[in-house]
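The values are calculated or read from the model by the stated rules, or taken from the named source; none is laboratory data. Because the structure is predicted, anything quoted here is derived from the model rather than measured. Every residue, glycine as well, gets a Cβ built from its backbone with ideal geometry; the counts of neighbours run over all protein chains shown.
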Amino acid sequence: MYKSFLIPIFFIVSYVCLGQTEVVKNVGDFTSLRVFDKIPVILIHSESPRIEIFGNKSEDVQVINKNGELKVRMSTLNLLSGDDTVVKIYYSEINNIETSEGSSVKSEEEIESQTLTLNAKEGAAITLTLNVEQLNIRVNSGGVINASGNTIDQNILITSGGKYLAKNLNSENANINLTAGGNSVIYASKSVIATTRAGGNIDIYGSAEVQQKSILGGTITVH
């Protein structure tokens with residue numbers, strides 16, 4: 001059994017539909033999401049937080065809500081095999097999304113938040129349309145983040161071959177640091193502070209005033 005500080009899963013419904021098992025879980029409120037094991041997640045805004053899991057391994061997906069942080073991963077005997085599932089997560093409010101181990105998060109809806117942190121690593125991906133005031137981006141180890149929409153300020157850290165593709169994300173100000181390879185494409189209308197260390201490429205679009213520095217290699221291109 002989970003310890004008392006874990007928010008309980010209130011009920012689980014499982015049935016067979018079109019040859020696949022669907023599992024429905026009510027998980028309680030959460031504002032942070034972490035996804036592992038190649039699991040693909042679709043985010044859907046709702047006033048009733050819950051999860052719907054589809055696929056042949058749907059019953060092997062583990063969901064834990066600990067103090068408002070929701071973790072979605074495969075069982076111990078099915079590590080890194082979540083690509084045989086589809087997980088729909090219904091959320092009421094979210095301010096942190098982290099993907100790792102080849103997992104992915106996307107949404108067909110615009111994500112709204114005052115402050116939002118996105119973190120993709122270990123070959124994982126995040127693809128979202130945003131409407132936020134403060135955006136924090138962390139990408140490393142082959143992770144990829146695709147962002148579009150609108151933000152006022154964005155703070156970006158890219159390391160070890162990460163990619164941040166945000167030409168279609170309208171921002172006013174951006175502070176970007178890229179270390180040990182990787183690529184980033186951003187748009188800003190007022191100001192950009194851009195730094196590369198030990199390689200990598202930054203492409204900057206828009207009318208922003210740009211302060212740039214390259215240390216031990218790397219390319220910064222203002223279009």
In region 132-152, which residues are under 18 Å from SER103 (Cβ atoms), buried (at least 24 other Cβ atoms within 10 Å of the Cβ) and in contact with an Asp or Glu (Cβ under 8 Å, 6 or more places away or on another chain)? GLY143
Kindly list, by first and then second residue, each pair from a residue in region 105-129 that is assigned by TED's automatic domain parsing to the domain that holds GLY182 to a residue that is among the basic types (Lys, Arg), limited to pairs with Cβ atoms under 7 Å and residues at least 6 apart or on different chains. ASN119/ARG138; THR127/LYS106; LEU128/LYS106
Could you tell me which of the residues ASN201, ASN155 is closer than 20 Å to THR115 by Cβ, assigned by TED's automatic domain parsing to the domain that holds ILE126, in contact with a strand residue (DSSP E or B) (Cβ under 6 Å, 6 or more places away or on another chain) and surrounded by fewer than 19 Cβ atoms within 10 Å (Cβ to Cβ)? ASN155
Within region 118-131, is there a residue that is crowded, with 19+ Cβ neighbours inside 10 Å and polar (S, T, N, Q)? yes
Among the residues of region 61-80 satisfying the criterion of being in contact with a helix residue (DSSP H, G or I) (Cβ under 8 Å, 6 or more places away or on another chain) and polar (S, T, N, Q), which is nearest to VAL24 (Cα to Cα)? SER75
Looking for something under 23 Å from LEU128 (Cα atoms), modelled with pLDDT of 95 or more and in contact with a helix residue (DSSP H, G or I) (Cβ under 7 Å, 6 or more places away or on another chain) - is there at least one such residue anywhere in region 47-60? no
Matching residues in region 111-141 (among the acidic types (Asp, Glu), assigned to a strand (DSSP E or B) and under 12 Å from GLY162 (Cα atoms)) number 0
